[in-house]
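Chemist: Sharing a structure below in structure tokens format, with a few things to ask.
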Amino acid sequence: MSAMLRSGLHYCQFDSGFVLFDLSADRYFLLTDQSAEQFGRVLSGGGTSADEHHLRDLGLLADDETGKPAPAILPPLAARSLVDEPTAKASMATTIFCIWEQRRARRDLQNKSLSDIVTGLGRRSDRLAPSSADDCREIAAAFVRAKRYMSSDDQCLVRGIAMARMLGCRGVAASLVFGVTMPFAAHSWVQVGDTVLTDSLDMVLHYRPIFAV
């Protein structure tokens, strides 16, 4: 196609239209009706100049294609979850570190942009070798144990950032995945290969991945 999506913009298609995630603005929004049709045509390479002009007015297309990053690579479809399996033992020291990392992640989300946090995770993961989910059992267990000492309601992003950082400190490459569903809801989780570390498999399969780092 002649036009290219603006950097930091990610999408997922549903019957009712397209859900878009604007990482730089930390927001989700929905395209429906005519805008969704035009967006679909441009994505398929069949967009007209009028389609491109409309999407540029909405701020969805890049002004030029020079130097734009490649689209994010999504992990494999989740097939299992450590949360659904017998829980490993987690030391109190690891659990305390897990709680500290979640508090740090919460402060960062208040004081930094999500884009900056994600960029930091991406830089670290680029230096890590692929790992097995079995390398993550203690940390996954520590996050389960930590729920006894702190609220986990609506904290999926805090938990995901904290776990990705902890795994990175241990040399484990993990993906922080952002997912959406309709009627609209968003969720995030940590995944290594096809294994989920932060949620049950049934929970994650309600969502379609839209972005991962």
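Chemist: Give me the pairs, please: first residue somewhere in segment 93-122 and more than 24 Å from L9 (Cβ to Cβ), second residue anywhere and basic (K, R), beta-carbon distance under 7 Å, and either six or more positions apart or on two chains.
Modeler: Final answer for the pair search is T95/R145; E101/R165; Q102/R159.
Chemist: Given the condition touching a strand residue (DSSP E or B) at 6+ places or on another chain (Cβ under 7 Å), open to solvent by 60 Å² or more (accessible area, probe 1.4 Å) and either in a helix (DSSP H, G or I) or not basic (K, R) (or both), answer yes or no: does some residue in segment 32-48 qualify?
Modeler: no
Chemist: Now a separate question. Which of (1) modelled with pLDDT of 95 or more; (2) over 18 Å from A78 (Cα atoms) does G168 not meet, given it meets every other one?
Modeler: If we test G168 against (1) modelled with pLDDT of 95 or more; (2) over 18 Å from A78 (Cα atoms), just (1) comes out false.
Chemist: Might you let me know whether segment 161-173 holds any residue that is in a strand (DSSP E or B), open to solvent by less than 10 Å² (accessible area, probe 1.4 Å) and within 26 Å of L30 (Cβ to Cβ)? Before you say what the answer is, go through the steps one by one.
Modeler: Narrowing segment 161-173 to residues in a strand (DSSP E or B): none.
No: zero hits.
Chemist: Consider R208 carefully, then state whether it is touching a residue at least 12 places away in the same chain (Cβ under 8 Å), among the basic types (K, R) and open to solvent by 20 Å² or more (accessible area, probe 1.4 Å). Let's see the steps before the verdict.
Modeler: Values: touching a residue at least 12 places away in the same chain (Cβ under 8 Å): yes; among the basic types (K, R): yes; open to solvent by 20 Å² or more (accessible area, probe 1.4 Å): yes.
Yes; evaluated as a whole, the condition is true for this residue.
Chemist: A follow-up question, please. Does D116 satisfy the condition of being out of contact with any strand residue (DSSP E or B) (no Cβ under 6 Å at 6 or more places or on another chain), open to solvent by less than 30 Å² (accessible area, probe 1.4 Å), within 20 Å of D22 (Cα to Cα) and of a type in the set (D, E, K, R)?
Modeler: Details: out of contact with any strand residue (DSSP E or B) (no Cβ under 6 Å at 6 or more places or on another chain): yes; open to solvent by less than 30 Å² (accessible area, probe 1.4 Å): no; within 20 Å of D22 (Cα to Cα): yes; of a type in the set (D, E, K, R): yes.
Spelling it out, it is not the case that D116 is out of contact with any strand residue (DSSP E or B) (no Cβ under 6 Å at 6 or more places or on another chain), open to solvent by less than 30 Å² (accessible area, probe 1.4 Å), within 20 Å of D22 (Cα to Cα) and of a type in the set (D, E, K, R).
Chemist: Any residue at all in segment 174-193 that is part of a loop (DSSP other than H, G, I, E, B) and under 19 Å from T94 (Cα atoms)?
Modeler: Just the residues of segment 174-193 that are part of a loop (DSSP other than H, G, I, E, B), to begin with: 174, 182-184, 193.
If we keep only those that are under 19 Å from T94 (Cα atoms) as well, we get 174.
Checked against the condition, which is being part of a loop (DSSP other than H, G, I, E, B) and under 19 Å from T94 (Cα atoms), segment 174-193 yields at least one hit.
Results for (1) over 25 Å from V213 (Cβ atoms); (2) in contact (Cβ under 8 Å) with a residue 24 or more places away in the chain; (3) not polar (S, T, N, Q), shown as yes or no for each residue.
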| residue | (1), (2), (3) |
| --- | --- |
| L5 | no, yes, yes |
| Y11 | no, yes, yes |
| F18 | no, no, yes |
| F21 | no, yes, yes |
| S24 | no, yes, no |
| L30 | no, yes, yes |
| D33 | yes, no, yes |
| E37 | yes, no, yes |
| G40 | yes, yes, yes |
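Chemist: Working only within segment 176-193, note down all residues that are in contact with a Pro (Cβ under 9 Å, 6 or more places away or on another chain), modelled with pLDDT of 95 or more and surrounded by fewer than 22 Cβ atoms within 10 Å (Cβ to Cβ).
Modeler: If the condition is that a residue be in contact with a Pro (Cβ under 9 Å, 6 or more places away or on another chain), modelled with pLDDT of 95 or more and surrounded by fewer than 22 Cβ atoms within 10 Å (Cβ to Cβ), then no residue fits.
The values are calculated or read from the model by the stated rules, or taken from the named source; none is laboratory data. Fair warning: this is a prediction, and the values are worked out from it, not measured in the lab. So basically every Cβ, Gly included, is an ideal-geometry build from the backbone, and we count neighbours across all protein chains shown. With ligands, DNA and RNA removed, areas are computed over all heavy atoms of the protein, side chains included. Shrake-Rupley method; radii C 1.70, N 1.55, O 1.52, S 1.80 Å.
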